[in-house]
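Notes for the one structure printed next.
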Amino acid sequence: MRQSLLGRGLLAVLLPGVLAAVLIAFSFTASLRTLNDPSSSWTGHAYQMLAQQIAMLIVQRQDPSLRQSEDISDAEQIAMIRSSFLNAEQEYKELARIERFGPARLTRVQALFERGVRTNDLPALLAALREANALNAQMRSHLQQVRSDVYDQTRRLQFVLAIVGAFATVALAMLVARFVNLWRAERGARAQQAKLSRELSLMASHELRRPLQQLALVSDLLQHDHLIGEAERARLFQRLQDSAAQLALLSDLSRLEAVYAEPELTRAPHDLAALLAPFARPRVHLDLEPDLVWSVDAARFSQAVENVLENALKYSPAEVRVELRRGECGPEVHVVDRGPGVPPQDRERVFEPFYRAPGTSASGHGLGLAIARRFLRAHGGDITLRDEGNGTRVVLSLAAPPPPRATERVRRGLRVGKTGNVTSRG
Amino acid sequence: MFPRQPWSWLPVLLTLTGCAQPPAYTEVHAEQALPARSAGEKVLLHVSTPQGPREFTLRQLEALRAVEYRTVQPQLGKAALYRGVLLSDLARETGLSRQDLRFEALNDYGATIAWRDYEKYPVLLAYHADGQPISIESKGPLTVVFPTHAYPQRFEAQKYGAQWVWYVYKVRVP
């Protein structure tokens, strides 16, 4: 997974890079071709020199007294001009293109020059000069054209570079955003994991408290052995054993997730009234429908009822009623108190871990109802709060109505707690 | 099949990697005594030196150390065996070493050659092509030649084409 992510990241970097390189290389091609054209002189030097040398020859022939001692001879001057004609193919490489810009032709310059030199015909030399000047003007037109072409190519290059720059910036921004998101998601997942671990350990300590209290209570009672009868002693021993077994189960910290986050149930058919009978105690009134058998994990079911009952007793000074009924979908245990009640907007929040009723002074972590809900949901049921006018009715149903499709999907793949933490089962 | 001494591979290795190149030029003769200019002998080269102007006839130039190599003249588009005096030798002879040199032509053209180019590489002021004095029609009698046969990338025509000065008749510091 990490490798494919790395591969995709690398591809995301390489692809725009390669594309940009291809675009830039492609856009440079035209400019480089023009700049490296071996037939382009860029200066028109040969054409200028031709006109200049013919002009020098005319001047020196017109007035030989102008010639300086170190100046070249008439013959040398003529030889240099002829050298250019002889080497025309190399020196006037752009000739075809230049001659397209006007009527002047190099061959006519040469013909007029040779006639003028042969017969010392100054008008012919002058005509050769004019033709060479016209050729120069055409050469400048050609250079102007080359300059204009290079300018257009450079503008196109500028455009392509701007596009590539924008493209690269967008690609880079997307890449950075992608990695920031990945980083955030990973950080979030870690925070959730840490939160879950904290919840689980607090739930464990919450649940450990009760069997420990019972152990302390029973051992205290057994100290006064002479005050209790045989039957009572047997019952106390049974509670001692149950508490020890519960402790052993709960104290396995390596199984916290199996106990609380994804409860693993050991289900068997039980007479629910028999499971609820031990909850008879002062301030608790039991109203149990007999012969209601259901497949439950007895320990988890009892813990869930115990948590809800304990909560009711904590907040209600009056009697708390525990009712076992046949509901529409399956058995329901109703725990009804005459306490202050829960406002409608808080009826879901009370099942969130660490939720404490506002203004409450009672001790605890606010985990009892959250644990109860997880256990009931593991059974395929749920816990809900109902309006009871004066007090609260908590309904623990062992079988919930058929869930909507979305919930079903979530249940199969992911377990979503009310806190929003998501633990993957895959 | 394989030589026993490992170092006997060295010349082959150097040649293959391009580290050992054949010499870029051949020395025709060492510097000789400078002949006096005879009456009416044409001066081919005028050099402005810190000590004053110096003039060289063809015979005097030929008396300096002569080297030769075959290369293609880019503007003529053909190869020739050029013989002449290395610019580094000429600069030493005239006291212009380690100075950029301006070469001026009979047709008033001119170009500057950097001392780093002529000190390190055998840039030539040629007076012979294929064993013959260079005519004006062939861009003589003196012409600058770059060793493109040995250093084609270093002296590519796009950059150095304008420095192949023809009809050279004056050298000075720019």
Unique residue being surrounded by 13 or more Cβ atoms within 10 Å (Cβ to Cβ) and touching an Asp or Glu at 6+ places or on another chain (Cβ under 6 Å) when the list is A:Val109, A:Val146, A:Val150, A:Val160 | A:Val109
Selection status of A:Ala204, at negative phi, free of Cβ contacts under 8 Å to residues at least 12 places away in the same chain and either surrounded by 13 or more Cβ atoms within 10 Å (Cβ to Cβ) or not β-branched (Val, Ile, Thr) (or both) = no
Confirm whether A:Ala124 is surrounded by 15 or more Cβ atoms within 10 Å (Cβ to Cβ), within 14 Å of chain B (Cβ to nearest Cβ) and touching a Leu at 6+ places or on another chain (Cβ under 7 Å).
-> no
So which residues in segment B:22-54 are acidic (Asp, Glu) and within 19 Å of B:Ile134 (Cβ to Cβ), if there are any at all?
-> B:Glu41
Residues within segment A:60-77 that are more than 9 Å from chain B (Cβ to nearest Cβ) and assigned to a helix (DSSP H, G or I), tallied | 7
Considering only residues that are surrounded by 15 or more Cβ atoms within 10 Å (Cβ to Cβ) and either of a type in the set (A, V, I, L, M) or under 24 Å from B:Lys139 (Cβ atoms) (or both), look in segment A:89-104 and name the one that is farthest from the other protein chains (Cβ to nearest Cβ).
-> A:Ala104
Among the residues of segment B:149-170, how many are away from every other protein chain (no Cβ under 14 Å) and under 14 Å from the mean Cα position of the chain (by Cα)?
-> 4
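Table: residues versus (1) assigned to a helix (DSSP H, G or I); (2) in contact with a strand residue (DSSP E or B) (Cβ under 6 Å, 6 or more places away or on another chain); (3) of a type in the set (D, E, K, R).
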| residue | (1), (2), (3) |
| --- | --- |
| B:Glu55 | no, yes, yes |
| B:Arg59 | yes, no, yes |
| B:Val67 | no, yes, no |
| B:Arg70 | no, yes, yes |
| B:Gln75 | no, no, no |
| B:Tyr82 | no, yes, no |
| B:Ser88 | yes, no, no |
| B:Arg92 | yes, no, yes |
| B:Gly95 | no, yes, no |
Would you check if there is a residue in segment A:34-55 being of a type outside the set (A, V, I, L, M, F, W, C), in a loop (DSSP other than H, G, I, E, B) and within 21 Å of B:Ser135 (Cβ to Cβ)?
-> no
Single match in B:Asp100, B:Asp108 (criterion: under 27 Å from B:Gln51 (Cβ atoms), among the acidic types (Asp, Glu) and free of Cβ contacts under 8 Å to residues at least 60 places away in the same chain) | B:Asp108
Considering only segment A:40-56, how many residues are among the hydrophobic types (A, V, I, L, M, F, W, C) and more than 11 Å from chain B (Cβ to nearest Cβ)?
-> 3
Out of (1) surrounded by 17 or more Cβ atoms within 10 Å (Cβ to Cβ); (2) within 12 Å of chain B (Cβ to nearest Cβ); (3) among the hydrophobic types (A, V, I, L, M, F, W, C), the one A:Leu86 does not meet is (1)
Could you figure out which of (1) of a type in the set (Lys, Arg); (2) farther than 23 Å from B:Lys78 by Cβ; (3) crowded, with 17+ Cβ neighbours inside 10 Å isn't true of A:Arg118?
-> (3)
With (1) more than 14 Å from every other protein chain (Cβ to nearest Cβ); (2) surrounded by fewer than 19 Cβ atoms within 10 Å (Cβ to Cβ); (3) among the acidic types (Asp, Glu) as the list, and B:Asp89 as the residue in question, which single condition is left unmet?
-> (2)
Listed residues A:Val117, A:Val150; which is at pLDDT 90 or above, in a helix (DSSP H, G or I) and on the phi < 0 side of the Ramachandran plot?
-> A:Val117
Which residues, counting only those in segment B:35-55, are within 16 Å of B:Ser97 (Cα to Cα) and exposed (fewer than 10 other Cβ atoms within 10 Å of the Cβ)?
-> B:Pro50, B:Gln51, B:Gly52
Pick from segment B:97-107 the residues that are touching a strand residue (DSSP E or B) at 6+ places or on another chain (Cβ under 7 Å) and of a type in the set (D, E, K, R): which of them is farthest from the other protein chains (Cβ to nearest Cβ)?
-> B:Asp100
Would you point out the residue of segment B:128-148, among those that are closer than 22 Å to A:Glu91 by Cβ and either among the charged types (D, E, K, R) or away from chain A (no Cβ under 14 Å) (or both), that is farthest from the chain's Cα centre (by Cα)?
-> B:Glu137
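The values are calculated or read from the model by the stated rules, or taken from the named source; none is laboratory data. Keep in mind that this is a model prediction, so the values were computed, not measured. Cβ atoms come from the backbone with ideal geometry, glycine included; neighbour counts cover every protein chain shown.
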